[in-house]
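The values are calculated or read from the model by the stated rules, or taken from the named source; none is laboratory data. Remember, predicted model here, so these are calculated numbers, not experimental data. We place every Cβ from the backbone using ideal geometry, glycine too, and count neighbours over all the protein chains shown. Note: accessible area is taken over every heavy atom of the protein model, side chains too, but ligands, DNA and RNA are not part of it. Shrake-Rupley method; radii C 1.70, N 1.55, O 1.52, S 1.80 Å.
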Amino acid sequence: MIFTDLETLLCEEKEEILIININRPDKLNALSEQVLNELKVVLIEIERDFSYKYKGIILTGAGDKAFIAGADIQAMDEMNAEEGKAFALLGQEVTLLMESSPIPIIACVNGFALGGGCEMAMACDFIYATEKALFGQPEVNLGLIPGFGGTQRLMRHVGVARSRELIYTGRNIKIEEAQNIGLVQKVFATKEEMINGAMETFKIIKTKSPLIISKCKDVIRSGEGLEIHKGLELEREAFRFIFTTKDKSEGVKAFLEKRTPQFQGK
Ligand code: COA
């Protein structure tokens, strides 16, 4: 599973972590159909890998200026309504694949995360950013609405009223505000420090069972927005499932035997 033949993504493997760079720096990494299709290929391939070759994904943008400056505006200029809908579906499919991916994904936002960029970041498990990152859903400025999940995910991240205010005004927000409203979890001075910071986080996550982490991810995602009893039902069922795994037996035994657990992802 080496992703070398992709034209718009630069994939690099480091210490069991897959670093995906959206690689269209001359277009500020705008999301063309090709970028979205290539992301789909990578995410589907990873979902099929039950060996947990990768323990995490870092999604970032090539260059210093942008994470992703949005869906490709040039491409949308020529689309009719049905093509527009298909483009939204493609973007939404990618964000859903990110959310349902069995491994955690950290967005590392270096610069502009506008429109589709903000939407991609929000579909990751959490967001790290540099001090010069800029977030926003500026679609209304172009006579558009967010189409890759922004109308649905922004409110889940920052609350309904704040989400309305941001989407109706189309204003961009700087890092202080993005962090204050809970959109960004950690801030770094440079891109390099941010990638190292994400690698440090994965260093901790990698000591756990990847199977158990994927269960946590699955239950949190599936329970989001559900009535509490339904969410707890999902949690109970997942709790039952993990009692069938070797990693649960190993983790509990290792604690009782006062040793470090050896997890296998099984
Ligand atoms: N889609 C397609 N191309 C984009 C793009 C997008 N979302 N965002 C930037 N680009 C392209 C520009 O057209 C330009 O291409 P060119 O050199 O061939 O003309 C290149 O990327 C550099 O962008 P530029 O606007 O010259 O950089 P800047 O530093 O002056 O401004 C932004 C940066 C992000 C403020 C500005 O590019 C912008 O407003 N982009 C659109 C953001 C947006 O509305 N996103 C939501 C889309 S639904």
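With the structure loaded, tell me whether residue 133 is surrounded by 21 or more Cβ atoms within 10 Å (Cβ to Cβ) and more than 30 Å from residue 209 (Cα to Cα) or whether it fails that test. Spelling it out, residue 133 is indeed surrounded by 21 or more Cβ atoms within 10 Å (Cβ to Cβ) and more than 30 Å from residue 209 (Cα to Cα). Considering only residues in region 221-232 that are in contact with a Gly (Cβ under 9 Å, 6 or more places away or on another chain) and of a type outside the set (Gly, Ala, Ser), the one that is surrounded by the most Cβ atoms within 10 Å (Cβ to Cβ) turns out to be 232.
Give the residue that is nearest to residue 224 (Cα to Cα), with candidates limited to residues of region 94-128 that are under 8 Å from the mean Cα position of the chain (by Cα) and in a strand (DSSP E or B). By that ranking, first place goes to 126. Check whether at least one residue in region 216-233 is of a type in the set (S, T, N, Q), within 17 Å of the chain's Cα centre (by Cα) and not assigned by TED's automatic domain parsing to the domain that holds residue 16, and report yes or no. Yes, because at least one residue in region 216-233 is of a type in the set (S, T, N, Q), within 17 Å of the chain's Cα centre (by Cα) and not assigned by TED's automatic domain parsing to the domain that holds residue 16. Scanning region 136-185 for residues that are within 14 Å of the ligand (Cβ to nearest atom), open to solvent by less than 20 Å² (accessible area, probe 1.4 Å), of a type in the set (A, V, I, L, M, F, W, C) and outside any helix (DSSP H, G or I) returns 148, 173. The residues of region 186-210 that are open to solvent by less than 60 Å² (accessible area, probe 1.4 Å) and part of a helix (DSSP H, G or I), listed by number, are 191, 194, 195, 197, 198, 199, 201, 202, 205, 210. Residues in region 18-68 that are surrounded by 19 or more Cβ atoms within 10 Å (Cβ to Cβ) and assigned to a helix (DSSP H, G or I) were compared, and the one that is nearest to the ligand (Cβ to nearest atom) is 35. With respect to the stated conditions, residue 124 is in contact (Cβ under 8 Å) with a residue 40 or more places away in the chain and surrounded by fewer than 23 Cβ atoms within 10 Å (Cβ to Cβ). Listed by first and then second residue, the pairs linking a residue in region 175-194 that is in contact (Cβ under 8 Å) with a residue 12 or more places away in the chain to a residue that is of a type in the set (Phe, Trp, Tyr), with Cβ atoms under 7 Å apart and 6 or more places separating them unless they lie on different chains, are 178/135; 183/135; 185/126; 185/128; 186/128; 188/128; 194/128; 194/188. Of all residues being open to solvent by 30 Å² or more (accessible area, probe 1.4 Å) and charged (D, E, K, R) in region 69-111, which is farthest from the ligand (Cβ to nearest atom)? Just the residue, please. Among residues in region 69-111 that are open to solvent by 30 Å² or more (accessible area, probe 1.4 Å) and charged (D, E, K, R), the one farthest from the ligand (Cβ to nearest atom) is 99. Of all residues in region 31-43, which are hydrophobic (A, V, I, L, M, F, W, C) and touching a helix residue (DSSP H, G or I) at 6+ places or on another chain (Cβ under 7 Å)? Residues satisfying the conditions are 31, 36, 39, 43. Please work out if residue 143 is closer than 27 Å to residue 222 by Cβ, modelled with pLDDT of 95 or more and of a type in the set (Gly, Ala, Ser). Against the criterion (closer than 27 Å to residue 222 by Cβ, modelled with pLDDT of 95 or more and of a type in the set (Gly, Ala, Ser)), residue 143 does not qualify. Taking the condition surrounded by 16 or more Cβ atoms within 10 Å (Cβ to Cβ) and in the same structural domain as residue 54 (by TED's automatic domain parsing), does residue 238 pass? The answer is no for residue 238.
Each row is one residue, and each column tells you yes or no for (1) polar (S, T, N, Q); (2) closer than 20 Å to residue 50 by Cα; (3) not in a helix (DSSP H, G or I).
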{"residue": "213", "(1), (2), (3)": "no, yes, no"}
{"residue": "229", "(1), (2), (3)": "no, no, no"}
{"residue": "235", "(1), (2), (3)": "no, no, no"}
{"residue": "244", "(1), (2), (3)": "yes, yes, yes"}
{"residue": "250", "(1), (2), (3)": "no, yes, no"}
{"residue": "255", "(1), (2), (3)": "no, no, no"}
{"residue": "258", "(1), (2), (3)": "no, no, yes"}
{"residue": "265", "(1), (2), (3)": "no, yes, yes"}
